[in-house]
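Everything on this sheet refers to the single structure shown next.
The values are calculated or read from the model by the stated rules, or taken from the named source; none is laboratory data. Quick caveat, the model's predicted, so the values are computed rather than measured. Neighbour counts run over all protein chains shown; Cβ positions are idealised from the backbone, glycine included.
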């Protein structure tokens, strides 16, 4: 964490990795907070791809009008194989120099921060990360931008499925996003009143799942919902259905994979406020001379985490919520 | 269509087949309209299964309070293999006699009407059908109850997917409901501005689909949405992806299957008003002595269609909308 | 209705009057349908004000990407006192000539069509009207663009109010838009299960309203909703509350005025499809040589109505729905 | 805080005060957590009124099925003048004894807790409070149940108003709930990108408001949103409009009062999870022998606050958010 007192005159901002609702609110906050401090801003289109291929656009207060409520990202996102090479990153750094850019704000998840961190190490680029991913798997912040929106989108979908499950007294296996972590699966299962949640963090015993479902059936519960994180080691909802359907053949078991709807849509209030806080904070800490850090909100206060720490491990689930799900089911 | 002038004193109402948003509004309208005419109402739980197994519940105005906005059906729905047998239908008819029921209101799709029609033919049961299915595939009515809600649910999901498609400049293949008919696929494709819609009613030429997608890419359109009806003869979105992905390997093609979320949720204004009209109309035509008819709204007026006609064929798509989709894409 | 066979090469499109959800979908359809027929399009900003003040913008297929789902209007709307003068309209007509514009598509309500009609009469401007207003008060079309969206927005708000009314067993007077017509009030009252609807089209007898509310209270109904059109001759919900509150002092009566939320938001599927049909139809009829007409959809078919007829009177409510509301309350 | 080690066998639960989304989820959690510990539960209808008038209903796991997603409260809420008298509270306490109730869970805001506290003091009733109010004004918890839902409802409404403000380039004054506190006003103003927020916690200088609005107009911002808390000392949006309209006569200034829609609707994921945590926690702390405490979640951990402290003052706004709003406007 270097603390140069060189005045920051120009910054660049990009979004990278999977898009998440609230990225636009974060971009807006970066641009507006910079404008307040008379810092120039370039938006870089298509993430690291655009950094290499010189897709820089000047932005001002007006460029970010009326975007706070929009899903997706006006800066676009993209993969860049080239950026995984030293040569690619060299080109990126050269472009940053060409535009006299003092610092980079990188909005995204751990892949995004890994990229920014390499740019810092190899080329001395000042960089601040803003955590935005629907997976909520980044340490150093209580929540990531987009998580709350994805949660509510998944929940509204499950509410609809519950209507049908209830009308037909059926069993539904619903797969939600979460390759490595079960945040969405755990919280939607509590919030939807699902009977069971299968999480990547916990070993799933298929026999135990069957036993629990059977118990519920005995209790006169005639519809049931199982929420499955896509990264659960059973292999997801379709594979789980294959494993248990013979034992519940009297049931009309159905599978729903919520998929990409969880990434889009207007961000919730919480995500917009979080994105606004973190976007503004990114500019503030750059001005203060920080680099190679990620901004986060922990216990309602701004917290800085070194990027290398932020990318070193995944955030853990709150175990009290796992217990809660079991009590209330 | 018999026109007995015997006074209707007691009726039964059931929901059957796939649930659709607005079924509760229709049940409410049947009960309230009957109450206005001093007719007693029994609700039959679990459709034809409950008719056989004597799941009759007395209903009054208060039984249907505060349900107009709910998805699913408070009367539940179920399959009944037994009702497919003469013996099963005999039991059903006996139960209707046991409760002195003069007529049956059957809310559902063509399977529901086929059942009601058999009861009428074999046992002289007076029956009126109310078309409720998200597929909109019933002739004799401009729309079926639940179609508008399903359409809007699918559309909101596609809007969210568009956010991500746009952010990542990706190609998305989105599968919507519609086993035999493409109503949802066609209207959501127009309403979402999708690039292509694949409908069961039209022969899909995969080479032509590829050609069109390629043209769009040439036009600088960098994201694209293809809406696929589940019953399209390509076999749905996953199979389509397999057939075309090699030709678009530079694209990050994604598949979304919207699935059962399309059946649930609070009904739209249009579905609630339609359900209210048709539920009340069902009672009215029973009082007037009609039977073996389905009530519908055509050109904004009530229309009766003999049940055997209603189940004789599927409704056709409006070809002008197919043309419109092509002009506006 | 003139039918010149002169080829249409360039058209202009504007939105005017109160905005309604779906206006953007209509603009998109005009632009895309014109592009299909190799017609150039100018968008005119700020309605008739921009026509006078030369706010013309060239539009192509890309200008209208990703707007179909947006509320409001990208062309903006505005009042123009100047356009009410002959001199103002002369300037507008001169601008249309300056850009070699063959015809004007005017999207809006009756005020919009009155303006277009004057331009036609005084300066021979070819003009086609596209009905877009949340009020649904235009004859010559079964629905106007924006009506279905406004209805659903109002309904969702009333559903929320019903939750509170039900929890507290309160009486709510909810005012919805509709200065001269009760379309929104009537359909939302049916769809929300409101106890009473007060419509501008019917004389409201306050004593009768009190009597009905008292009857409901006697029937053990402990919460109640009254939907009031803003144009009802009682003067709206606040004035109604003043007139009846003394008779229901044991109740905790509350007033909600839904207001401008009814104008905004993403359009529903129905409004987007209608806007797409009418926007494309406007271009088609211009090519065919029609002028001074409004396009509409009646009984699911395209219908042309002379503009002077369209502005000559308000559409009437469907009286069968008024009866239905009374039966089901 | 007494810590009797007497085993808890039977508890009662009630909801009181203004309803808020998530109350049902809290009731469900109380009932399910109690069932897990083999504790009997009575639901008391209509809050303290029902406690006096013996409206006790036995509840079990099935009584709370399928309510987690519902707004309002199945236990209803009501005012009770009688409970403000010693005599009334004596009756309430007698009823609790009659049913052998060991402890009371009171779900609501500060008025609710004041009532529970008096019961404890005067009659030794063990009581735990669960904070549920859309106002978020209770100390001892980071958020109250219902706040997040109200925030999102208000925000969605403001998003719709922004569409119209933007289309017409108008100035809108939007009033949100908050009699004594500006939580909803502050967070919705940030999340909606409003130009100004007027909060009860800050002295509003009308001349300063005018100056700021004028500056924005000079900056080419042609639409603007002012969010006003109902409790702002200007007197709310209507009064504010009267004070400033003459200075902005060129603008078509409009007022919207969002009102009671903010209380209803399905709770958000966050509110359902919070309500589930707090409902379960209330049972847990009763078993542990606590009384006269309120359960809350602070920094993501369960926290107990003595009821007398919880009702002693209002929670304060986060001043960093007030600053943030100013930077980003």
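Filtering A:89, A:79, A:84 for residues that are more than 18 Å from residue A:307 (Cα to Cα) and either in contact with a strand residue (DSSP E or B) (Cβ under 6 Å, 6 or more places away or on another chain) or in the same structural domain as residue A:288 (by TED's automatic domain parsing) (or both) leaves a single hit, A:79. Just one of the numbered conditions (1) within 25 Å of residue A:166 (Cβ to Cβ); (2) touching a strand residue (DSSP E or B) at 6+ places or on another chain (Cβ under 9 Å); (3) within 14 Å of chain B (Cβ to nearest Cβ) is not true of residue A:329: (3). Against the test of being touching a residue at least 12 places away in the same chain (Cβ under 8 Å), in contact with a strand residue (DSSP E or B) (Cβ under 7 Å, 6 or more places away or on another chain), part of a helix (DSSP H, G or I) and over 13 Å from residue B:226 (Cα atoms), the options B:150, B:165, B:154 yield a single qualifying residue, B:154.
Candidates are the residues of segment A:168-203 that are part of a helix (DSSP H, G or I) and within 14 Å of chain B (Cβ to nearest Cβ); the one that is surrounded by the most Cβ atoms within 10 Å (Cβ to Cβ) is A:188.
For segment D:231-240, a residue qualifies if it is more than 14 Å from chain C (Cβ to nearest Cβ) and at positive phi, and exactly one does: D:235. Quick one: would you say residue A:247 is at pLDDT below 95 and within 15 Å of the chain's Cα centre (by Cα)? Answer is no for this residue. Right, residue C:313: in contact with a strand residue (DSSP E or B) (Cβ under 9 Å, 6 or more places away or on another chain) and within 30 Å of residue C:114 (Cα to Cα) or not? No. Among the numbered conditions (1) touching a helix residue (DSSP H, G or I) at 6+ places or on another chain (Cβ under 9 Å); (2) modelled with pLDDT of 95 or more; (3) buried (at least 24 other Cβ atoms within 10 Å of the Cβ), the only one that residue D:109 does not meet is (1). Summed over segment B:241-265, the residues that are buried (at least 18 other Cβ atoms within 10 Å of the Cβ), within 9 Å of chain A (Cβ to nearest Cβ), assigned to a loop (DSSP other than H, G, I, E, B) and on the phi < 0 side of the Ramachandran plot give a count of 2. Taking the stated definitions as given, is residue B:32 in contact with a helix residue (DSSP H, G or I) (Cβ under 9 Å, 6 or more places away or on another chain), at the interface with another protein chain (Cβ under 9 Å from one of its Cβ atoms) and farther than 30 Å from residue A:249 by Cα? For residue B:32, the condition - in contact with a helix residue (DSSP H, G or I) (Cβ under 9 Å, 6 or more places away or on another chain), at the interface with another protein chain (Cβ under 9 Å from one of its Cβ atoms) and farther than 30 Å from residue A:249 by Cα - is met.
Going by the structure shown, is residue C:144 more than 11 Å from every other protein chain (Cβ to nearest Cβ) and free of Cβ contacts under 8 Å to residues at least 60 places away in the same chain?
It is false that residue C:144 is more than 11 Å from every other protein chain (Cβ to nearest Cβ) and free of Cβ contacts under 8 Å to residues at least 60 places away in the same chain.
Within the option set A:96, A:119, being closer than 27 Å to residue A:9 by Cα and either in a strand (DSSP E or B) or touching a residue at least 40 places away in the same chain (Cβ under 8 Å) (or both) holds for one residue only, A:96.
Out of the residues in segment A:307-326 meeting the condition of being in a helix (DSSP H, G or I) and touching a residue at least 40 places away in the same chain (Cβ under 8 Å), tell me which one is farthest from the other protein chains (Cβ to nearest Cβ). Before you say what the answer is, go through the steps one by one.
Within segment A:307-326, the subset in a helix (DSSP H, G or I) is A:307-310, A:319-326.
Filter once more, keeping what is touching a residue at least 40 places away in the same chain (Cβ under 8 Å): A:307-310, A:321-322, A:324-325.
Numbers: A:307: 23, A:308: 25, A:309: 20, A:310: 19, A:321: 7, A:322: 12, A:324: 6, A:325: 9 Å.
Ranking the candidates gives A:308 first.
Checked against the criteria, residue A:304 counts as touching a strand residue (DSSP E or B) at 6+ places or on another chain (Cβ under 7 Å) and more than 12 Å from every other protein chain (Cβ to nearest Cβ).
Among the residues of segment C:62-73, what is the count of those that are more than 7 Å from every other protein chain (Cβ to nearest Cβ) and in contact with a strand residue (DSSP E or B) (Cβ under 8 Å, 6 or more places away or on another chain)? Matching residues across segment C:62-73 total 1.
Evaluate the following for residue B:157: is it assigned by TED's automatic domain parsing to the domain that holds residue B:255, modelled with pLDDT of 95 or more, closer than 19 Å to residue A:265 by Cβ and more than 9 Å from the chain's Cα centre (by Cα)? Yes: the conditions hold for residue B:157.
Can residue B:272 be described as in the same structural domain as residue B:304 (by TED's automatic domain parsing), under 24 Å from residue B:143 (Cβ atoms) and over 15 Å from the mean Cα position of the chain (by Cα)? Criteria not met by residue B:272.
Confirm whether residue B:286 is within 30 Å of residue B:101 (Cα to Cα) and either in the same structural domain as residue B:168 (by TED's automatic domain parsing) or crowded, with 24+ Cβ neighbours inside 10 Å (or both). Show your work before the answer.
Numbers: within 30 Å of residue B:101 (Cα to Cα): yes; either in the same structural domain as residue B:168 (by TED's automatic domain parsing) or crowded, with 24+ Cβ neighbours inside 10 Å (or both): yes.
So residue B:286 fits the description; yes.
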